[in-house]
Each structure stands twice: as C-alpha cells, then as structure tokens.
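Student: Below you'll find the structure I mean.
The values are calculated or read from the model by the stated rules, or taken from the named source; none is laboratory data. Predicted, not measured: the structure shown is a model, and the values here were computed from it. In this analysis, Cβ positions are derived from the backbone assuming ideal geometry, glycine residues included, and neighbour counts consider all displayed protein chains.
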Amino acid sequence: MSSALVPSGLVDALRKARRVAILTGAGISAESGIPTFRDALTGLWARFNPEELATPEAFQRDPKLVWEWYAHRRELVERVEPNAAHRALVTMEQHVPKLTLITQNVDGLHQRAGSQNVLELHGNLARVRCFHENTVIPSWEDTGEVPPRCPDCGGPLRPDVVWFGENLPADAFEKAVEAAAQCDLFFSIGTSGVVEPAASLTRLARQMGATVALINLDVEPRDVPPLYQIHGKAGTILPELVQRAWPERT
C-alpha cells in the first residue's frame, strides 16, 4: 500500500494523542470473512431477511428459528480469526495512554485479538440471556430444547445482542459518550456512520475539538485536518498507520 493513503498529519496526530476513542462496525469484521447485514444470506437461510430475524417480535413468533439463525452466525464467527486491522488496534492500545474501543460488532474478534478496553454497544454472540428476566445466563442444562430454557425462571434464552427496536446497553453507551467527548483523536472504522445513536459519537468528538478519521470503503478521500476520510480497507490502512506512528516499536 502506498503510504499516501495514510496522511502524515494523521500519523502525527496519533503519535501525539493522549486519549483515543475508536468506533468499529461491520466493515472491520468483513475482512475476516464475516458477512455484514447488508450481504445476502446463503444456503438454508437465503430466503430470510436478517433484519426481520433480529427483532424481539420475530423471537416471540418463532423462537426456534431465530435461535438457530444466531447459532449459524456463531458458527461463522468461530471459523474465522481476527485480521490485521484487529491486531493493529491492539498495538495502538499498547502505545496510547488512554484508548477506548467502542464496537457495534457482536463477534468478539477485538477481544480475541487482544484488545482490553472494549465497549460492546450491540452485545456479544457468545453470551445468552433470559428473554423474560433480561439477565445474562452463563450456563444451563442441555435438554435438547431449542431455544434452551433459563435455569432460573424457565423462560426461553436468547442471544445477548441488541435487536432492532431495542435500546443500547446504557452503561456501555454512557462510557462511549464520555470517551468520545474527552478524546484527542477519534476513529470511525468500517461503519456507515448513519445508524443512531452510535453515529452521534463521531459528531460529538468533532464538536468537542477532536481530530476525526473515517476509514471505510464508502467514503470520499479527504485530507483536511481535523477531519481525515480514508477510502480503503482497515486491514491495510491501520497496520500502515501504526507502523508509521511507532516504527521503532512495531
């Protein structure tokens, strides 16, 4: 990759930053082979619209169908590995005094790569919670029933993810807002920037005076500080950015 894709001003901003906030979306995981919600489903699921399965109403109508759809998604995630973009963010966290990683993804790839300070705005596929009591359930008896039952109340278990029409976890979002408001440098990586309320974090960071970098395949390139728009794959751009910021340590 030509280093021209990574503006020197952004390299300097990263090297000098004391507080960095990063928002990641489906694009960063797509480079590991995880389909986004905009991708057409394949195989047995080709006749379904994922946005129609990811709702509380769909689960109430057909809990077995929704549970099996998410089991399929978990299997996809288990077969892939974190990519170069995930690993570059781990390196960045090791060099920046205060880094907060805010993700809309539910695949856990940031944690598997080694990131420590991760705020999950949309939950995690690896966890389940009770549909009735909304509590995370670490284990349950496997009776073969689909979906399995909550060991406490007997209600159905559901994925611990945020469905369409549901609120984001308040604690995680409050911490995300704080990180965006206080950062020197804000990255929006692999996300469209239009889904609220997560999209408001980028605006907040700009309003509070942070340098902002958008890295996505859907942006028009712009190199005018304090806003950088870099068109390209995160798995190519982030390793280059980190290597140029700390060449003696990477």
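Student: Just one of LEU241, LEU227, LEU214 is of a type in the set (A, V, I, L, M), free of Cβ contacts under 8 Å to residues at least 24 places away in the same chain, surrounded by 13 or more Cβ atoms within 10 Å (Cβ to Cβ) and closer than 27 Å to THR36 by Cβ; which is it?
Tutor: LEU227
Student: Sticking with this structure for a sec: Please go through segment 26-47 and give me each residue that is surrounded by 14 or more Cβ atoms within 10 Å (Cβ to Cβ), at pLDDT 85 or above and farther than 22 Å from ASP184 by Cβ, ordered by number.
Tutor: ALA26, GLY27, SER29, ALA30, GLU31, SER32, ILE34
Conditions tested, residue by residue: (1) more than 13 Å from the chain's Cα centre (by Cα); (2) over 18 Å from ILE34 (Cα atoms).
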{"position": "LYS64", "(1), (2)": "yes, yes"}
{"position": "LEU76", "(1), (2)": "yes, no"}
{"position": "ARG79", "(1), (2)": "yes, no"}
{"position": "THR100", "(1), (2)": "no, yes"}
{"position": "ASP107", "(1), (2)": "no, no"}
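Student: Moving on. Inspect all residues belonging to segment 98-106 and state whether any of them is more than 16 Å from GLY190 (Cα to Cα) and among the aliphatic types (A, V, I, L, M).
Tutor: yes
Student: Select from segment 92-118 the residues that are among the charged types (D, E, K, R) and touching a residue at least 60 places away in the same chain (Cβ under 8 Å) and write down the one among them that is farthest from PRO82 (Cα to Cα).
Tutor: Here is the first cut: in segment 92-118, the residues among the charged types (D, E, K, R) are 93, 98, 107, 112.
Subsequent filtering for residues that are touching a residue at least 60 places away in the same chain (Cβ under 8 Å) retains 98, 107.
Details: LYS98: 22, ASP107: 10 Å.
My answer is LYS98.
Student: Please work out which residue is nearest to VAL177 (Cα to Cα), limiting yourself to segment 203-226 and to residues that are of a type outside the set (D, E, K, R) and at pLDDT below 95.
Tutor: Restricting to residues being of a type outside the set (D, E, K, R) and at pLDDT below 95, the top hit is PRO226.
Student: Hey, another quick one. Please return the ranges of helices (runs of 4 or more DSSP H) entirely within segment 10-80 where 3 or more residues are among the hydrophobic types (A, V, I, L, M, F, W, C).
Tutor: The qualifying helices (runs of 4 or more DSSP H) are 26-30, 63-78.
Student: Filter segment 148-165 for residues that are of a type in the set (Gly, Ala, Ser) and surrounded by fewer than 13 Cβ atoms within 10 Å (Cβ to Cβ); which is nearest to GLY108 (Cα to Cα)? Even if it seems obvious, please write down each step before you answer.
Tutor: Kept after step one, since they are of a type in the set (Gly, Ala, Ser), are these residues of segment 148-165: 154-155, 165.
Pick out the ones that are also surrounded by fewer than 13 Cβ atoms within 10 Å (Cβ to Cβ) and you get 154, 165.
Working: GLY154: 28, GLY165: 22 Å.
Out of the qualifying residues, it is GLY165.
Student: Within segment 119-133, does at least one residue satisfy the condition of being within 21 Å of PHE48 (Cβ to Cβ), in contact with a strand residue (DSSP E or B) (Cβ under 7 Å, 6 or more places away or on another chain) and part of a loop (DSSP other than H, G, I, E, B)?
Tutor: yes
Student: Is there any pair with a first residue in segment 173-199 that is at pLDDT below 95 and a second that is hydrophobic (A, V, I, L, M, F, W, C) and surrounded by fewer than 24 Cβ atoms within 10 Å (Cβ to Cβ) whose Cβ atoms are under 6 Å apart and which are 6 or more apart or on different chains, and what are they?
Tutor: Sorted first by the residue in segment 173-199, then by its partner, the pairs are GLY193/ALA199; ALA198/LEU121.
Student: When you check LEU121 against the structure, is it touching a residue at least 40 places away in the same chain (Cβ under 8 Å), in contact with a helix residue (DSSP H, G or I) (Cβ under 7 Å, 6 or more places away or on another chain), over 18 Å from PHE59 (Cα atoms) and not hydroxyl-bearing (Ser, Thr, Tyr), yes or no? If you could, list the steps in order and put the result at the bottom.
Tutor: Working: touching a residue at least 40 places away in the same chain (Cβ under 8 Å): yes; in contact with a helix residue (DSSP H, G or I) (Cβ under 7 Å, 6 or more places away or on another chain): yes; over 18 Å from PHE59 (Cα atoms): yes; not hydroxyl-bearing (Ser, Thr, Tyr): yes.
Yes.
Student: For ARG249, indicate whether it is among the charged types (D, E, K, R) and modelled with pLDDT of 95 or more.
Tutor: Answer is no for this residue.
Student: Scanning segment 127-143 for residues that are in contact with a Lys or Arg (Cβ under 9 Å, 6 or more places away or on another chain) and surrounded by 10 or more Cβ atoms within 10 Å (Cβ to Cβ), which turns out nearest to CYS153 (Cα to Cα)?
Tutor: CYS130
Student: Give just the number: which of (1) within 30 Å of GLY165 (Cβ to Cβ); (2) touching a helix residue (DSSP H, G or I) at 6+ places or on another chain (Cβ under 9 Å); (3) without any contact (Cβ under 8 Å) to a residue 60 or more places away in the chain does PRO221 not satisfy?
Tutor: The failed condition is (1).
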